[in-house]
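A short worksheet on the structure shown next.
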Amino acid sequence: MHETKNYEHLLGLVGFSDTLLKNHFTLYGGYVTNVNKLAEKSETMEMGSVEYAELKRRFGWEWNGMFLHEQYFENLSKQSVPLSVDGELYKKITERFGSFEKFEKDFRATGAMRGIGWVILAYQKEEGRLFTVWVNEHDVEHLAGTTPLLVMDVFEHAYITDYGIKRADYIESFWRAIDWKKVEERFLK
Ligand SMILES: [Fe+2]
């Protein structure tokens, strides 16, 4: 059983109304419920049946929807701090993208792409490589073997209540609310 995590400490986050955040928490809770339901159901289903196959296909979508929302809420903070310029992650980002500003531009541009999904700064540890990744829905185009360091939700429910269709304005608020300490922590782990 996966427990739904509580992110109410984020209420009052600058650039995010409480209504938007509360709806988003509820939506996240739906993924957790479905992950638990599917996990339980798969125990009793007849293996090899059509229903079994469909349920197996569905599981990744629900699981990733749950996981990515947790990563997203956890890389936001009311006490956001910039990334330390003396840290390893800053060094890695500037090596990879040329400068931190270039990385920011790339991340925002990925978020501005048409469609619904996620933008992820992903890290492949073995070769020490960083990627800015577009994930369609929750489950398409993930880079296998990478770890998400920074996760941004660009489904319409993440911003439309507060920003209408002005996704760039939402991305601006998201950028200001990033908890870089958390992101660095994921990188160092
Ligand atoms: Fe979302």
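The values are calculated or read from the model by the stated rules, or taken from the named source; none is laboratory data. What you see is a predicted model; the values in this text were computed from it and never measured. We place every Cβ from the backbone using ideal geometry, glycine too, and count neighbours over all the protein chains shown. In case anyone asks, the SASA skips ligands and DNA or RNA and just uses the protein heavy atoms, side chains included. Shrake-Rupley method; radii C 1.70, N 1.55, O 1.52, S 1.80 Å.
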query: How far is helix 100-111 tilted off the main Cα axis of the chain, in degrees rounded to 10, range 0 to 90?
result: 30
- prompt: What GluC sites (Glu not before Pro) does the stretch 1-98 have in DSSP loop regions with at most 11 other beta carbons within 10 Å?
  reply: E3, E46
- request: Compute the accessible area per residue over the chain, keeping the other protein chains in place, probe 1.4 Å, unit Å².
  value: 56
- prompt: How big is the Rg/Rh ratio for the stretch 93-156, C-alpha atoms only, Rh by Kirkwood, two decimals?
  reply: 0.96
task: Would you be so kind as to identify which of F97, A109, H142 lies farthest towards the positive end of the dipole of the stretch 88-188, taking Lys and Arg as +1 and Asp and Glu as -1 on Cβ and the Cα centre as origin?
output: F97
field: More than 18 Å apart - percent of Cα-Cα pairs taken over the stretch 17-74
entry: 41
query: For helix 18-44, what angle does its Cα long axis make with the longest principal axis of the chain, in degrees from 0 to 90 and rounded to 10?
result: 40
- prompt: Taking the inverse of the average 1/r across all pairs of different Cα atoms in the chain, what Kirkwood radius in Å do you get?
  reply: 17.6
- request: Place the peptides 100-111, 145-156 in order of packing, highest mean first, counting for every residue the other Cβ atoms within 10 Å and averaging per peptide.
  value: 145-156, 100-111
statement: Helix 167-176: inclination vs the chain longest Cα principal axis, degrees, rounded to 10, gives 70
query: Carbon and sulfur: what percent of the chain's accessible surface (1.4 Å probe)?
result: 52
field: Relative contact order (%) - criterion: Cα under 8 Å, at least six apart; region: the chain
entry: 25
- request: Considering Cα pairs under 8 angstrom that are at least six residues apart, work out the relative contact order of the stretch 88-188 and quote it in whole percent.
  value: 24
- request: Quickly estimate the mean residue ellipticity at 222 nm for the chain, helices only: each DSSP H run with n ≥ 4 gives -39500 (n - 2.57), and the total goes over all residues, rounded to 500.
  value: -16500 deg cm²/dmol
- request: Based on the mean of other Cβ atoms within 10 Å per residue, sort peptides 161-168, 172-179 so the most packed one is first.
  value: 172-179, 161-168
field: Relative contact order %, the stretch 78-136, counting alpha carbon pairs below 8 Å whose residues are six or more apart
entry: 25
